[in-house]
Amino acid sequence: MSGTTFLGMPAFPQAARDALGDAQLRRNLAEATRTIRDKRAEAVGELPDWEELREAGRAVKEHTLRHLDRYLLQFEERVTAAGGSVHWARDAAEANRIVADLVRRTGRSEVVKVKSMATQETGLNTALEQAGIRAYETDLAELIVQLGHDRPSHILVPAIHRNRAEIREIFRREMGTGAAGDDAGDAGPLGDEPHELAEAARRHLRERFLRAEVGICGANFLVAETGTVVVAESEGNGRMCVSLPETLICLAGIEKVVPRWQDLEVFLQLLPRSSTGERMNPYTSSWTGTADHDGPREFHVVLLDGGRTATLADPIGRQALNCIRCSACLNVCPVYERVGGHAYGSVYPGPIGAILGPQLRGTASAVDRSLPYASTLCGACYEVCPVKINIPEVLVHLRARVVDSRRRRPLPGWERLVMGAARWTLSSPRRLAGAQRIAAAAARLVRRDGRIRRLPGPLAGWTDARDLPAPAPESFRTWWRRTHP
Ligand code: SF4
């Protein structure tokens, strides 16, 4: 098992119920996801060949996964030839250990980081802290999360659950007082306009960048043909992280590899339009090995398995590894929009989190068993996914896996009784007709406006969160016999 589930998180139904009670959170999320959704739709609508691009992206990813062993070895060979080193990590603990050792070897106790899902997945910041190393997040949204002692709630916009006023408060508290006329702290006299918040973050980060000797990044893509690490981001902070320090360490999942440099032509069109609704990415940095007069003198890539090989072995579930982390599926998901990312209890929230988490970590924990059910199966995620991951198909597949994993355990008594009674009833047309007559008669006692608002006893769980349509007064067969004598 690998990766981080947020400690102490309840399973999704309980966490979602708590989140639904937070009206401010729902307002923040609705506003943010609507804005990103509209931008994405406009950007995608501009391209007449969008469907062909999606198909090309899917094809490249599937081809790579089929030959992953070959492309990973090619990547290692090219990185080594360019003066870098590749390290292989079976799980989160091993990846963290390798990175901490590499930092220790430099004699430094501080690192700057560009936003990386893989390092969140392994809980790298905590592991580094335990090794006496301080990691500074430099992506603006990650910085907000770090200074707020918070958890990320979105793949692309980790602080999506915060509004400007809340961010201003975090900056004032953590960077300096920011009172009018007081510019002693990093925050200075601070309002909540985006440019003021960005300026405060810039001042706060500038000094960390200039003294940083070690940079840590993730990767959007790893190019096997050239041994190149590609980082796509919006603010330029990532570029500082990969080019200023003496030592650069990249931690990335093994599925990030693409065969050829030319494949980026497809993904660098799909990614920005799907994620931020932009035609191209503001900053795309690519790094290959080391050079004598420029950039890091040491270059390391740590390749993380972390449950990916096991996922690859599943013919249906493996499509989750095609993900390019654009977050389009989160922004259209009606469940995510209402409950936010924390309810999913892991670093990958939303529809992709619901299929990736239980595969990378297995379904042993209550959180992971609940995630395949954290969806309405409406299919909106499948429609927007730039690499055509059939998320509803994988969700249903994982639900079956959850049921199978519990098949040998005794069901709660009442549930087994109800299922036994249902089998007995449905196996005979005569018994089914009798049950329909009884249900219609019973429904007359509890129905209001054609719906049942509350079922009694253990059945109440069905009506806790939804109404039940009342059974028809007569069955189709009875109606047919009556109207077609
Ligand atoms: S599953 Fe598809 S839509 Fe969701 S983040 Fe991954 S690539 Fe984007």
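The selection criterion, being in contact (Cβ under 8 Å) with a residue 12 or more places away in the chain, closer than 17 Å to ILE254 by Cβ and under 25 Å from the mean Cα position of the chain (by Cα), holds for THR122. Counted as qualifying within the stretch 12-90 are the helices (runs of 4 or more DSSP H) with 1 or more residues that are modelled with pLDDT under 95 and at negative phi, namely 12-20, 23-45. Of the candidates ALA159, ALA118, ALA131, the single residue that is crowded, with 23+ Cβ neighbours inside 10 Å and at pLDDT 95 or above is ALA118.
Go through the stretch 239-261 and give me each residue that's under 18 Å from the mean Cα position of the chain (by Cα) and within 16 Å of the ligand (Cβ to nearest atom). Once the filter is applied, which keeps residues that are under 18 Å from the mean Cα position of the chain (by Cα) and within 16 Å of the ligand (Cβ to nearest atom), the stretch 239-261 yields ALA252, GLY253, GLU255, LYS256. Within the stretch 284-314, if we keep just the residues that are part of a strand (DSSP E or B) and not polar (S, T, N, Q), the residue that is surrounded by the most Cβ atoms within 10 Å (Cβ to Cβ) turns out to be LEU304.
Residues in the stretch 274-298 that are more than 13 Å from SER234 (Cα to Cα) and within 16 Å of the ligand (Cβ to nearest atom): SER274 alone. The residues on offer are LEU330, LEU371, LEU377, and the sole one that is within 12 Å of the ligand (Cβ to nearest atom) and of a type in the set (A, V, I, L, M) is LEU330.
The set of residues from the stretch 372-411 being of a type outside the set (Gly, Ala, Ser) and over 21 Å from the mean Cα position of the chain (by Cα) comprises VAL403, ASP404, ARG406, ARG407, ARG408, ARG409, PRO410, LEU411.
Taken over the stretch 112-141, the criterion of being of a type in the set (A, V, I, L, M) and outside any strand (DSSP E or B) is satisfied by VAL114, MET117, ALA118, LEU124, ALA127, LEU128, ALA131, ILE133, LEU140, ALA141.
Within the stretch 26-49, is even one residue open to solvent by 50 Å² or more (accessible area, probe 1.4 Å) and within 17 Å of ASN322 (Cβ to Cβ)? Within the stretch 26-49, not a single residue is open to solvent by 50 Å² or more (accessible area, probe 1.4 Å) and within 17 Å of ASN322 (Cβ to Cβ). Among the residues of the stretch 262-283, those that are surrounded by 19 or more Cβ atoms within 10 Å (Cβ to Cβ) and under 14 Å from THR228 (Cβ atoms) comprise ASP263, LEU264, PHE267.
So that you can scan it fast, the table gives a plain yes or no per residue for (1) under 28 Å from LYS61 (Cα atoms); (2) at pLDDT 95 or above:
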residue	(1), (2)
LEU205	no, no
ARG208	no, no
ARG211	no, no
VAL214	no, yes
ALA219	yes, yes
GLU225	yes, yes
GLY236	yes, no
MET240	no, no
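The set of residues in the stretch 333-351 that are part of a helix (DSSP H, G or I) and near the ligand (Cβ under 10 Å from one of its atoms) comprises GLY350, PRO351.
Taken over the stretch 196-231, the criterion of being in contact with a strand residue (DSSP E or B) (Cβ under 6 Å, 6 or more places away or on another chain), open to solvent by 20 Å² or more (accessible area, probe 1.4 Å) and not in a loop (DSSP other than H, G, I, E, B) is satisfied by ARG208 alone. Listed by position, the helices (runs of 4 or more DSSP H) inside the stretch 403-467 whose residues that are open to solvent by less than 50 Å² (accessible area, probe 1.4 Å) and in contact (Cβ under 8 Å) with a residue 12 or more places away in the chain number at least 2 are 429-446. Quick one: which of LEU360, LEU330, LEU321, LEU371 is more than 30 Å from ASP263 (Cα to Cα), at pLDDT 95 or above and hydrophobic (A, V, I, L, M, F, W, C)? Exactly one residue qualifies, and that residue is LEU371.
Of the numbered criteria (1) in a helix (DSSP H, G or I); (2) without any contact (Cβ under 8 Å) to a residue 60 or more places away in the chain; (3) farther than 20 Å from ARG78 by Cβ, the one ASN281 fails is (1). Taking LEU264 as the residue in question, decide whether it is under 17 Å from LYS115 (Cβ atoms), more than 14 Å from the chain's Cα centre (by Cα), more than 15 Å from the ligand (Cβ to nearest atom) and modelled with pLDDT of 95 or more. It is false that LEU264 is under 17 Å from LYS115 (Cβ atoms), more than 14 Å from the chain's Cα centre (by Cα), more than 15 Å from the ligand (Cβ to nearest atom) and modelled with pLDDT of 95 or more.
The values are calculated or read from the model by the stated rules, or taken from the named source; none is laboratory data. Because the structure is a prediction, the values reported are computed rather than measured. When we count neighbours, we look across all protein chains shown, and the Cβ atoms used for this are built from the backbone with ideal geometry, even at glycine. Accessible surface areas use protein heavy atoms only, side chains included; no ligands, DNA or RNA. Shrake-Rupley method; radii C 1.70, N 1.55, O 1.52, S 1.80 Å.
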